[in-house]
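Comments concern the structure below.
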Amino acid sequence: MEGGLMTKRQLVWCTQCNVLTLFSPLDRTPEYRNQKGEWEIEERDDQATFMETHRRHHLEELHVVANSFISRQNHAEPVKTSYFEVTNGRQRFVVKKSRKSVLDPQRYEIIPGKLHLTLRKPSIDGLAIQRELERVFSPHQISSRKIHGFVQGFADAVAHLDPKKLKQAPFESRNPSKRYFVLDERLLPKVLKSSSTSLTKKEAKLLDEFFQKNLEEPFLMPVAVVEFEIQKRGKNGEAEIKAA
Ligand SMILES: [Zn+2]
C-alpha cells in the first residue's frame, strides 16, 4: 500500500501485527475541550499514530464487498457485533466489527474465509395481524374466531413459500438478519377461498380490500431470518465451518 494522506474512509490492515483499522476524515478533526471555562484545542491524528506504529510493516488496503453486511442486531443499535466481507484483491476475509460499550472504539478482527448466509422459511407476525384485523373490523363484520382461522391459514401458506423466489420489499430492514418480502398477489385469494377459513363472500371481500390497501405495510409482509456462519479458510485453503 502506498503511504500518504487519506481523504476518505479506508480499511487498512497491518498483516504483520494483524491489526485492522478504519481511517476516516474524522480522525483528523481536532478535539475541543472545556478546561476551567477555557476552550482548549487538542490536535489529534489517529492516522499518523497508526502509520508511525506500523512503519515499514506490510500494510494492505481492504475493500468492503458490497451487500455483505450482516448482524443479528438492529442497524440503530450503538453497541453491536456485525460482520462483513472484504478483499485485498486476491483473497476474501470476514471482518468482525464489535465494541463493548458506546464509550469504546470499534474493534475490527480479520478472519480468513467467507460468510455463508442461509435464508430460513418465511413467516408472518400472526398475533400483530390478528390484533390489527380485530381493531379494524367489528365482530359483526368478521368474528374473532374467523379472523383467527384466516390468520392461521395465511401463516400456513406463507410458511410454504420459497424465500428465494420472493421479491424483496422496497425498503431496508431495520435488522440486517431479517428480510421482508412483498406479498405475492396470488397468495391471498387462495387463503381467502380455502375451506378452513370458512369466510362468507362479504367477509372475504372486506379482508381482500384491507390487504390491497395495506400491501406495503411491513407488518403484513412475510419475513425470513438470515442465518449466517463463517466458513473459515484452513491452513491448506480448505473450508472449515464455524458458527458466527
Ligand atoms: Zn504492524
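Got a sec? Which of 151, 158, 94 is in a helix (DSSP H, G or I), in contact with a strand residue (DSSP E or B) (Cβ under 8 Å, 6 or more places away or on another chain) and hydrophobic (A, V, I, L, M, F, W, C)? Quick ask: steps written out before the conclusion?
Numbers: 151 fails: in contact with a strand residue (DSSP E or B) (Cβ under 8 Å, 6 or more places away or on another chain); 94 fails: in a helix (DSSP H, G or I).
Exactly one of 151, 158, 94 is in a helix (DSSP H, G or I), in contact with a strand residue (DSSP E or B) (Cβ under 8 Å, 6 or more places away or on another chain) and hydrophobic (A, V, I, L, M, F, W, C), namely 158.
I'm checking my understanding of the structure. Among residues of the stretch 1-39 that are at pLDDT 70 or above and part of a loop (DSSP other than H, G, I, E, B), which one is farthest from the ligand (Cβ to nearest atom)? Looking at residues that are at pLDDT 70 or above and part of a loop (DSSP other than H, G, I, E, B), I get 37. As a summary of the residue check, residue 178 satisfies the conditions (1) of a type in the set (Lys, Arg); (2) surrounded by 11 or more Cβ atoms within 10 Å (Cβ to Cβ); (3) farther than 22 Å from residue 71 by Cβ except for the one numbered (3).
Out of everything in the stretch 53-85 that is of a type in the set (S, T, N, Q) and in a loop (DSSP other than H, G, I, E, B), what residue ends up being surrounded by the fewest Cβ atoms within 10 Å (Cβ to Cβ)?
Of the stretch 53-85, the ones of a type in the set (S, T, N, Q) are 53, 67-68, 71, 73-74, 81-82.
This time we only want the ones that are in a loop (DSSP other than H, G, I, E, B), so: 67-68, 73-74, 81.
Values: 67: 8, 68: 17, 73: 15, 74: 13, 81: 15.
Checked the stretch 53-85; the qualifying residue surrounded by the fewest Cβ atoms within 10 Å (Cβ to Cβ) is 67.
Condition first: buried (at least 17 other Cβ atoms within 10 Å of the Cβ) and of a type in the set (Val, Ile, Thr). Now tell me which residues in the stretch 89-109 satisfy that. Matches in the stretch 89-109: 94, 95.
The values are calculated or read from the model by the stated rules, or taken from the named source; none is laboratory data. Computed from a predicted model, the values in this text were never measured in an experiment. Cβ coordinates were reconstructed from backbone atoms using ideal geometry, including for glycine residues, and neighbour counts include every protein chain displayed.
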